[in-house]
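The values are calculated or read from the model by the stated rules, or taken from the named source; none is laboratory data. Quick caveat: nothing in here was measured; it's all calculated off a predicted structure. Positions of Cβ are generated from backbone atoms using ideal geometry, with glycine treated the same way; all protein chains shown enter the neighbour counts. Surface areas here come from the heavy atoms of the whole protein model, side chains and all, with no ligands, DNA or RNA. Shrake-Rupley method; radii C 1.70, N 1.55, O 1.52, S 1.80 Å.
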Amino acid sequence: MANEKHGTPMLDELETGPWPSFISGIKRLRDQHPEERINDMSNSLLGQLEHSYETRKGYWKGGTVSVLGYGGGIIPRFSEVSKAFPESKEFHTLRVQPPAGNHYTTAMLRQLADSWEKYGSGLVTFHGQTGNIMFIGTDTKNTQPFFDEINEYGWDLGGAGPCVRTAMSCVGAARCEMSCTNEQKAHRLLVNRFVDDVHRPALPYKFKFKVSGCANDCQNAIERSDFAILGTWRDDMKVDQAEVQNYVKDKGRQYYIDNVVTRCPTQALALNDDDTLKVDNRACVRCMHCLNVMPKALHPGDDKGVTILIGGKRTLKIGDLMGTVVVPFKKLDTEEDYASLVELAETIIEFWAENGLEHERCGEMIERIGLANFLDGIGIEADPNMLSHPRQSSYIRLDEWDAAAEAWYARLAEAGPGADL
């Protein structure tokens, strides 16, 4: 390394705890990487970070950096203290979309790493709540060559700015026995349809798709996405009573009662005298707790599909929001089913694009205009499953009650036996 190492006494403290530290990773690049350019970039980065800790101020400013034909996908960072730390004066981050379900081969990862060491700092993170592979630290002149190289062998930039963001899906049916849908197919169809909206920001703010194969929601879809797809089932849970008895025999009745039966949020479970399990499937809310505790004994039912929730987000204008159910149950078996899923996404994004305010997420728009108006705008009828909590006022109108009840029973009859609308 040509330059003298910057002192980092404050950053050194971050390496003293029991957990691995990102500082150690940057120091390895500074001290052990064979390329001098990366040594110098890492040294300069550590120096600026130490300076920020000392002064309690950040020294990165934004700007405009893009690749040809794209309007997003890159987070520009220009240093305000570049005279003191010149080798990291430009330290842009490129967001790259991962494969659906985050399926990689080692050959893929090595290929990406080789390209990044050629054009960037060598710092990479997987994946965070954005869902992207984050390639952290390159200058403006190397941004286009890096993109061109990885794009040539199949990778594309993710979203940044007021656009459709990078989608996420869990590993799902590829490895998980709780999966209730084809997560990767839904993910890819949505990404392929909205790829232009990912690369060319033209929306009020960001819009995220996330797909989780069951209510364990390993992708945090309900909390962190505008369009959440959760796998579920609507027939009876499958129970292997012999495995239930084996579990009780191994753990004991009291352990079973304390950790399975009494932890059911709707009291849908009971332990019979012969150590078999009684399940009130009408009361089951698919919380997944009992299935997670006894994966050999309990599994999702056979009539599988998805629930679609809209409007989840983290803190911004009105605080955190959980997704609101707009489609309680939807089959995803045929190509027509998947086409209607994409069509619903198109309708929702179009309505939000026309009615959302600047820097307003879809969920915030729903809070502002009301769920009834949103449902009317996207052409979906109101359903009891969409209620987040009972109304607080006891004064209600009953003049249209009979018509609404008839419509409800008609939909129930049309759905067929076993349907739980």
Condition broken by LEU94, with the remaining ones in (1) under 30 Å from LYS313 (Cα atoms); (2) of a type outside the set (Lys, Arg); (3) without any contact (Cβ under 8 Å) to a residue 60 or more places away in the chain; (4) in contact with a strand residue (DSSP E or B) (Cβ under 9 Å, 6 or more places away or on another chain) satisfied: (3)
Reported set for the stretch 248-270 where residues are open to solvent by 40 Å² or more (accessible area, probe 1.4 Å), in a helix (DSSP H, G or I) and not charged (D, E, K, R) is GLN254, TYR255, ILE257
Scan the stretch 102-136 residue by residue and report those that are more than 27 Å from GLU183 (Cβ to Cβ) and open to solvent by less than 60 Å² (accessible area, probe 1.4 Å). SER115, TRP116, TYR119, GLY120, SER121, GLY122, LEU123, ILE136
So the check is Cβ under 9 Å with 6+ separation or different chains; which pairs have a first residue in the stretch 51-67 that's farther than 17 Å from PRO86 by Cβ and hydroxyl-bearing (Ser, Thr, Tyr) and a second one that's in a loop (DSSP other than H, G, I, E, B) and open to solvent by less than 50 Å² (accessible area, probe 1.4 Å)? TYR53/THR8; THR64/PRO76; SER66/GLY72; SER66/GLY73; SER66/PRO76
So, in the stretch 164-198, how many residues would count as being farther than 22 Å from HIS299 by Cα and either part of a loop (DSSP other than H, G, I, E, B) or in contact with a Gly (Cβ under 6 Å, 6 or more places away or on another chain) (or both)? 6
Just checking, which of GLY305, GLY301, GLY231 is closer than 18 Å to THR181 by Cβ, open to solvent by less than 40 Å² (accessible area, probe 1.4 Å) and assigned to a loop (DSSP other than H, G, I, E, B)? GLY301
Evaluate the following for ASP217: is it part of a loop (DSSP other than H, G, I, E, B), surrounded by fewer than 19 Cβ atoms within 10 Å (Cβ to Cβ) and either out of contact with any Phe, Trp or Tyr (no Cβ under 9 Å at 6 or more places or on another chain) or aliphatic (A, V, I, L, M) (or both)? no
Which pairs do you get when a residue that is farther than 17 Å from LYS313 by Cβ and aliphatic (A, V, I, L, M), found in the stretch 366-381, comes within reach of a residue that is open to solvent by 70 Å² or more (accessible area, probe 1.4 Å) and not in a loop (DSSP other than H, G, I, E, B), reach meaning Cβ atoms under 9 angstrom, with the pair 6+ apart or on two chains? ILE378/GLU350
